[in-house]
Amino acid sequence: MQIRTRLTLLFLLMGGIIMILSFIGIYYSSAKYRQDAFYDRLRNKARITSSLLLEANVIGADRLEKLEKTNPVKLNEEKIIILDLLEDTIYSTDSKGEIKLRFDVLENVRMGNEVRYRQGLNEVLGSLYHVRNERYVVVAAAIDSEGYLHLQKLRNIEIVVSIIGLFLFFIAGWFYSERALKPISDVVNKVEDITITSLNLRVNEGNGEDEIGRLAKTFNKMLERLETAFGTQKHFIANASHELRTPLTSINGQLDVLLMKDRSAEEYKIALTSVLDDTRSLIDLSNRLLLIARTSAEGPVHFDSNIRIDEILWQVREETMKFNAGYHVNISLDDTLNDASQLNVIGDESLLKVAMSNLIDNACKYSDDHSVNIRIEQADKRIEVVFEDRGIGIPEKDIQKIFEPFYRSNNAMRYNGSGIGLLLVNQIIKNHSGHIEVSSTVGQGTKFVVSLPISLSIAT
């Protein structure tokens, strides 16, 4: 069932219930008013008859009965019965004996209570009347045919109005739901026009404050992320293709030249060494690209291993200095770290090694003295690893771009590199619920601060 149909039926149901309950209230209020008004008329009739017969003492029962028969304003099927305390009938217009006087009713009236009850179509009122220290039971009864006729007409009118009202509620609900859902329909129609080649399009946000406006704003933000992601992917693929093509072309060219004629063993050795270097570069680039794909998830990733960050750094230091004899890596711990549990983080050991290795390698590679100073500090419930070098530095305009794929500053072009190391580092740290801060001065050096949450299950 479509939302428009559901909204229309809901509108019809709510409006119908309110209208029907209102009509029921009106009907029962009218019925109660009719009943009270009719009993007031019975009470007045009983009082007037009793007064004429018992107090005035100027008219007899026979004369009064004849007058009542010719009274043009008497009630329909009116009956008046007057009894003394001995239950003897003093006066009665109930010639057919339709009103049955029950003992419990008479006893209740004698106690001074007014009694109301129905007997067939008759509505009966019993009351006590006092005359010269004498008490009489007066029973008045009649049929309120006119009142019931008015109630029947009211009921018929309410039924007809309810049917018409329900139809009008349906029509109003149908047009109301169309108007209410029009912004959503506009969003749907606009979304249908958006394809992978037109991600720059945006849906109309309206006033941007109501639910539809917030939905449109949220969708537009998603489109912005998709446009950025597709743009980055397109740029990444183009750069990756270029970076992969370069060593492959170099290998292919060197082998072609090598096979053009016979060469000496020394020439073969030199050529194969160059091919081997290009192959290693290709393998290294491929491994980095695979790691980027592995860590491409947005936001934190769930890990369940407790890792000592200082042990990771010492292992990476040893491996780095083993393959790069000229590199110097100095590691120190802040004095506030007096408990081994303060160095625990939750994460993936191999990924953290890759991140730390890239930061150490960059710091040493871009420094004339090939050294980096690493300091481990604690900040609240986080561990901070500070990497400082005295290298070429990063221009201020490039700091925000260094985590983009294949981006390299102009002053770094003379150094070997692919431009994806810091992208990989940034993604790994984000996956571990951490973040990186960078500050740098050209010609003086660069400082990277990696912040990671301490494993609370251990630190506490």
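The values are calculated or read from the model by the stated rules, or taken from the named source; none is laboratory data. Note that the structure is a prediction, hence the values are computed from the model and not measured. Neighbour counts are summed over all protein chains in view; Cβ atoms, including those assigned to glycine, are modelled from backbone coordinates with ideal geometry.
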Q.
Which pairs turn up if I take residues in the range 28-41 that are not assigned by TED's automatic domain parsing to the domain that holds ALA142 and look for partners that are among the hydrophobic types (A, V, I, L, M, F, W, C) and part of a helix (DSSP H, G or I) with beta carbon separation below 8 Å, at least 6 apart in sequence or on another chain?
A. none
**Q.** Neighbours by Cβ (under 7 Å, 6+ apart or cross-chain): first from the range 318-342, more than 30 Å from LYS381 (Cα to Cα) and surrounded by 10 or more Cβ atoms within 10 Å (Cβ to Cβ); second small (Gly, Ala, Ser) and at pLDDT below 85
**A.** none
Q | Criterion (assigned to a helix (DSSP H, G or I), assigned by TED's automatic domain parsing to the domain that holds ILE48 and in contact with a strand residue (DSSP E or B) (Cβ under 8 Å, 6 or more places away or on another chain)) met by exactly one of VAL139, VAL109 | A | VAL109
**Q.** Some residue of the range 127-142 being at pLDDT below 85, among the β-branched types (Val, Ile, Thr), farther than 18 Å from GLN35 by Cα and more than 60 Å from the chain's Cα centre (by Cα)
**A.** yes
Q) Is it fair to say LYS397 is surrounded by fewer than 14 Cβ atoms within 10 Å (Cβ to Cβ), closer than 28 Å to THR228 by Cβ, modelled with pLDDT under 90 and out of contact with any strand residue (DSSP E or B) (no Cβ under 8 Å at 6 or more places or on another chain)? A) yes
Q | Residues being in contact (Cβ under 8 Å) with a residue 24 or more places away in the chain and out of contact with any strand residue (DSSP E or B) (no Cβ under 6 Å at 6 or more places or on another chain) - total across the range 89-105 | A | 2
